[in-house]
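*Asks:* Okay, handing you the structure first.
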(Lines give C-alpha, C1' and ligand atoms only; values in the text may rest on other atoms or scores of the structure.)
Protein backbone atom coordinates (compact mmCIF):
# COMPACT_ATOMS: atom_id res chain seq x y z
CA UNK A 1 0.00 0.00 0.00
CA UNK A 2 1.48 3.33 -1.09
CA UNK A 3 1.07 6.37 1.14
CA UNK A 4 1.62 9.89 -0.20
CA UNK A 5 2.86 12.68 2.06
CA UNK A 6 3.74 16.25 1.16
CA UNK A 7 7.48 16.61 0.65
CA UNK A 8 9.36 18.83 3.04
CA UNK A 9 11.89 21.36 1.80
CA UNK A 10 14.60 19.16 3.32
CA UNK A 11 13.56 16.35 0.98
CA UNK A 12 13.90 18.41 -2.21
CA UNK A 13 17.57 17.46 -2.76
CA UNK A 14 16.72 13.76 -2.63
CA UNK A 15 13.73 14.30 -4.93
CA UNK A 16 15.92 16.08 -7.49
CA UNK A 17 18.60 13.37 -7.38
CA UNK A 18 16.08 10.53 -7.70
CA UNK A 19 14.20 12.26 -10.52
CA UNK A 20 17.37 12.81 -12.54
CA UNK A 21 18.52 9.23 -11.97
CA UNK A 22 15.14 7.70 -12.86
CA UNK A 23 14.50 9.86 -15.93
CA UNK A 24 17.97 10.10 -17.44
CA UNK A 25 20.27 7.28 -16.28
CA UNK A 26 19.68 4.08 -18.20
CA UNK A 27 21.87 1.87 -16.01
CA UNK A 28 19.73 -0.91 -14.56
CA UNK A 29 16.48 0.26 -16.15
CA UNK A 30 14.33 -1.00 -18.97
CA UNK A 31 14.95 1.28 -21.96
CA UNK A 32 11.41 2.59 -22.34
CA UNK A 33 11.41 3.89 -18.77
CA UNK A 34 14.28 6.31 -19.43
CA UNK A 35 13.74 9.59 -21.22
CA UNK A 36 16.60 8.98 -23.69
CA UNK A 37 15.35 11.68 -26.08
CA UNK A 38 16.79 14.24 -23.66
CA UNK A 39 20.27 14.11 -22.13
CA UNK A 40 21.44 15.72 -18.92
CA UNK A 41 19.27 16.65 -16.00
CA UNK A 42 15.49 16.41 -15.78
CA UNK A 43 15.16 18.99 -13.00
CA UNK A 44 17.27 21.19 -10.76
CA UNK A 45 16.68 23.17 -7.57
CA UNK A 46 15.67 26.39 -9.34
CA UNK A 47 13.15 24.64 -11.58
CA UNK A 48 11.66 22.68 -8.68
CA UNK A 49 11.33 25.83 -6.60
CA UNK A 50 9.69 27.63 -9.54
CA UNK A 51 7.31 24.71 -10.11
CA UNK A 52 6.29 24.49 -6.46
CA UNK A 53 5.73 28.25 -6.20
CA UNK A 54 2.78 27.92 -8.59
CA UNK A 55 -0.64 28.13 -6.92
CA UNK A 56 -2.04 24.66 -6.26
CA UNK A 57 1.28 22.83 -6.74
CA UNK A 58 2.23 20.04 -4.38
CA UNK A 59 5.10 17.55 -4.35
CA UNK A 60 4.15 14.22 -2.82
CA UNK A 61 6.60 11.58 -1.59
CA UNK A 62 5.49 7.97 -2.02
CA UNK A 63 6.26 5.57 0.82
CA UNK A 64 5.64 1.86 0.99
CA UNK A 65 3.97 0.04 3.90
CA UNK A 66 7.26 0.01 5.83
CA UNK A 67 7.65 3.78 5.40
CA UNK A 68 10.50 3.56 2.88
CA UNK A 69 10.58 6.25 0.20
CA UNK A 70 9.91 4.56 -3.17
CA UNK A 71 9.22 7.56 -5.41
CA UNK A 72 7.29 10.79 -5.76
CA UNK A 73 4.87 12.73 -7.93
CA UNK A 74 3.97 16.36 -8.45
CA UNK A 75 0.34 17.45 -8.73
CA UNK A 76 -1.07 20.85 -9.66
CA UNK A 77 -4.65 21.90 -9.02
CA UNK A 78 -5.65 23.62 -12.27
CA UNK A 79 -9.12 24.52 -10.99
CA UNK A 80 -12.54 23.35 -12.18
CA UNK A 81 -11.74 19.79 -11.03
CA UNK A 82 -8.70 19.44 -13.31
CA UNK A 83 -5.41 18.27 -11.82
CA UNK A 84 -2.10 18.07 -13.65
CA UNK A 85 0.29 15.21 -12.89
CA UNK A 86 4.01 15.44 -13.52
CA UNK A 87 7.33 14.05 -12.37
CA UNK A 88 5.93 10.60 -11.54
CA UNK A 89 9.08 8.89 -10.35
CA UNK A 90 9.82 5.39 -9.08
CA UNK A 91 13.16 4.50 -7.53
CA UNK A 92 14.90 2.55 -10.35
CA UNK A 93 16.03 -0.07 -7.82
CA UNK A 94 12.36 -0.77 -7.06
CA UNK A 95 10.93 -0.72 -10.61
CA UNK A 96 9.08 -3.55 -12.32
CA UNK A 97 7.07 -4.39 -9.22
CA UNK A 98 3.97 -2.32 -9.93
CA UNK A 99 5.03 0.72 -7.88
CA UNK A 100 4.50 3.14 -10.77
CA UNK A 101 0.93 1.94 -11.11
CA UNK A 102 0.43 2.20 -7.34
CA UNK A 103 1.87 5.72 -7.12
CA UNK A 104 -0.28 6.79 -10.07
CA UNK A 105 -3.37 5.33 -8.40
CA UNK A 106 -2.51 7.02 -5.10
CA UNK A 107 -2.03 10.36 -6.89
CA UNK A 108 -5.39 9.97 -8.62
CA UNK A 109 -7.04 9.18 -5.27
CA UNK A 110 -5.30 12.17 -3.66
CA UNK A 111 -6.65 14.51 -6.36
CA UNK A 112 -10.12 12.94 -6.27
CA UNK A 113 -10.30 13.47 -2.50
CA UNK A 114 -9.67 17.17 -3.19
CA UNK A 115 -12.40 17.53 -5.78
CA UNK A 116 -10.51 16.25 -8.82
CA UNK A 117 -12.65 15.10 -11.73
CA UNK A 118 -9.96 14.86 -14.42
CA UNK A 119 -6.21 14.26 -14.43
CA UNK A 120 -3.99 15.60 -17.20
CA UNK A 121 -0.33 15.09 -18.01
CA UNK A 122 2.13 15.69 -20.82
CA UNK A 123 4.33 12.98 -22.32
CA UNK A 124 6.86 13.36 -25.12
CA UNK A 125 4.88 12.23 -28.17
CA UNK A 126 7.82 10.09 -29.34
CA UNK A 127 7.60 7.86 -26.23
CA UNK A 128 5.15 5.31 -27.61
CA UNK A 129 5.69 2.70 -24.91
CA UNK A 130 5.13 5.20 -22.09
CA UNK A 131 2.00 6.54 -23.78
CA UNK A 132 0.78 2.94 -24.11
CA UNK A 133 1.48 2.37 -20.39
CA UNK A 134 -0.67 5.38 -19.47
CA UNK A 135 -3.31 4.32 -22.00
CA UNK A 136 -3.67 0.99 -20.19
CA UNK A 137 -4.41 3.03 -17.06
CA UNK A 138 -7.21 5.00 -18.71
CA UNK A 139 -5.38 8.02 -20.13
CA UNK A 140 -6.13 9.17 -23.68
CA UNK A 141 -4.74 11.94 -25.90
CA UNK A 142 -6.74 15.16 -25.80
CA UNK A 143 -5.51 16.26 -29.24
CA UNK A 144 -3.51 19.08 -27.64
CA UNK A 145 0.28 19.26 -27.96
CA UNK A 146 2.78 21.52 -26.19
CA UNK A 147 6.26 22.55 -27.31
CA UNK A 148 9.41 21.21 -25.69
CA UNK A 149 11.26 24.01 -23.81
CA UNK A 150 14.24 24.14 -26.17
CA UNK A 151 16.98 26.49 -24.98
CA UNK A 152 16.27 26.04 -21.25
CA UNK A 153 19.08 23.82 -19.98
CA UNK A 154 17.21 23.19 -16.72
CA UNK A 155 15.13 20.63 -18.68
CA UNK A 156 18.17 18.88 -20.16
CA UNK A 157 19.62 18.72 -23.67
CA UNK A 158 17.25 17.39 -26.34
CA UNK A 159 18.81 14.87 -28.72
CA UNK A 160 16.54 15.84 -31.62
CA UNK A 161 14.69 18.90 -32.85
CA UNK A 162 11.13 17.56 -33.19
CA UNK A 163 10.19 16.98 -29.55
CA UNK A 164 6.67 17.94 -28.48
CA UNK A 165 4.50 16.95 -25.56
CA UNK A 166 1.24 15.11 -26.09
CA UNK A 167 -1.41 15.99 -23.49
CA UNK A 168 -3.18 12.96 -21.99
CA UNK A 169 -6.26 13.01 -19.80
CA UNK A 170 -8.32 10.67 -17.67
CA UNK A 171 -11.67 11.10 -15.96
CA UNK A 172 -11.24 10.36 -12.26
CA UNK A 173 -13.68 8.12 -10.41
CA UNK A 174 -15.66 9.93 -7.77
CA UNK A 175 -15.57 8.57 -4.25
CA UNK A 176 -18.41 6.12 -3.78
CA UNK A 177 -19.07 6.08 -7.53
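The values are calculated or read from the model by the stated rules, or taken from the named source; none is laboratory data. Please read these numbers as outputs of a predicted model, since none were measured by experiment. Positions of Cβ are generated from backbone atoms using ideal geometry, with glycine treated the same way; all protein chains shown enter the neighbour counts.
*Asks:* What are the residues in the stretch 133-148 that are surrounded by 12 or more Cβ atoms within 10 Å (Cβ to Cβ) and at pLDDT 95 or above, if any?
*Replies:* Residues satisfying the conditions are 134, 135, 137, 138, 139, 140, 141, 142, 144, 145.
*Asks:* Would you confirm whether or not the stretch 62-74 contains a residue that is in contact with a strand residue (DSSP E or B) (Cβ under 8 Å, 6 or more places away or on another chain), under 16 Å from residue 120 (Cα atoms) and modelled with pLDDT of 80 or more?
*Replies:* yes
*Asks:* Within the stretch 122-157, count every residue that is within 16 Å of residue 42 (Cα to Cα), touching a helix residue (DSSP H, G or I) at 6+ places or on another chain (Cβ under 6 Å) and either in contact (Cβ under 8 Å) with a residue 60 or more places away in the chain or in a strand (DSSP E or B) (or both).
*Replies:* Looking only at that region, the number is 2.
*Asks:* Just to verify a result, which residue in the stretch 33-42, among those that are modelled with pLDDT of 75 or more and buried (at least 17 other Cβ atoms within 10 Å of the Cβ), is farthest from residue 14 (Cα to Cα)?
*Replies:* First pass over the stretch 33-42, keeping only residues modelled with pLDDT of 75 or more: 37-42.
Keeping just the survivors that are buried (at least 17 other Cβ atoms within 10 Å of the Cβ) gives 38, 41-42.
Details: 38: 21, 41: 14, 42: 13 Å.
Among residues in the stretch 33-42 that are modelled with pLDDT of 75 or more and buried (at least 17 other Cβ atoms within 10 Å of the Cβ), the one farthest from residue 14 (Cα to Cα) is 38.
*Asks:* Moving on to the next point. If you check residue 97 against the conditions, is it without any contact (Cβ under 8 Å) to a residue 12 or more places away in the chain and not in a helix (DSSP H, G or I)?
*Replies:* Working: without any contact (Cβ under 8 Å) to a residue 12 or more places away in the chain: yes; not in a helix (DSSP H, G or I): yes.
For residue 97, the condition - without any contact (Cβ under 8 Å) to a residue 12 or more places away in the chain and not in a helix (DSSP H, G or I) - is met.
*Asks:* While we're on this one: So in the stretch 43-82, with the set limited to residues that are surrounded by 20 or more Cβ atoms within 10 Å (Cβ to Cβ) and in contact (Cβ under 8 Å) with a residue 60 or more places away in the chain, which one is farthest from residue 102 (Cα to Cα)?
*Replies:* Out of the qualifying residues, it is 43.
*Asks:* Can you pull out the residues in the stretch 100-121 that are more than 13 Å from the chain's Cα centre (by Cα), touching a residue at least 40 places away in the same chain (Cβ under 8 Å) and surrounded by fewer than 16 Cβ atoms within 10 Å (Cβ to Cβ)?
*Replies:* 113, 117
*Asks:* Looking only at residues in the stretch 149-162 that are crowded, with 17+ Cβ neighbours inside 10 Å and in contact with a strand residue (DSSP E or B) (Cβ under 6 Å, 6 or more places away or on another chain), which one is modelled with the lowest pLDDT? So that I can check it myself, show each step before the final result.
*Replies:* Taking the stretch 149-162 and keeping what is crowded, with 17+ Cβ neighbours inside 10 Å, we get 155-156, 158.
Narrowing further to those that are in contact with a strand residue (DSSP E or B) (Cβ under 6 Å, 6 or more places away or on another chain): 156, 158.
Numbers: 156: 82, 158: 89.
Taking the candidates together, the pick is 156.
*Asks:* Going through the stretch 163-177 one residue at a time, which ones are modelled with pLDDT of 95 or more and either exposed (fewer than 10 other Cβ atoms within 10 Å of the Cβ) or under 19 Å from residue 106 (Cα atoms) (or both)?
*Replies:* Answer for the stretch 163-177, where residues must be modelled with pLDDT of 95 or more and either exposed (fewer than 10 other Cβ atoms within 10 Å of the Cβ) or under 19 Å from residue 106 (Cα atoms) (or both): 168, 169, 170, 171, 172.
*Asks:* Here is a further query. Here's a check for you: in the stretch 18-32, which residue that is surrounded by 15 or more Cβ atoms within 10 Å (Cβ to Cβ) and in a helix (DSSP H, G or I) is modelled with the lowest pLDDT? It would help to see each step written out before you state the result.
*Replies:* From the stretch 18-32, those surrounded by 15 or more Cβ atoms within 10 Å (Cβ to Cβ) are 18-24, 29; that's our starting set.
Okay, now just the ones that are also in a helix (DSSP H, G or I), so 18-24.
Details: 18: 89, 19: 88, 20: 86, 21: 85, 22: 82, 23: 72, 24: 66.
Among residues in the stretch 18-32 that are surrounded by 15 or more Cβ atoms within 10 Å (Cβ to Cβ) and in a helix (DSSP H, G or I), the one modelled with the lowest pLDDT is 24.
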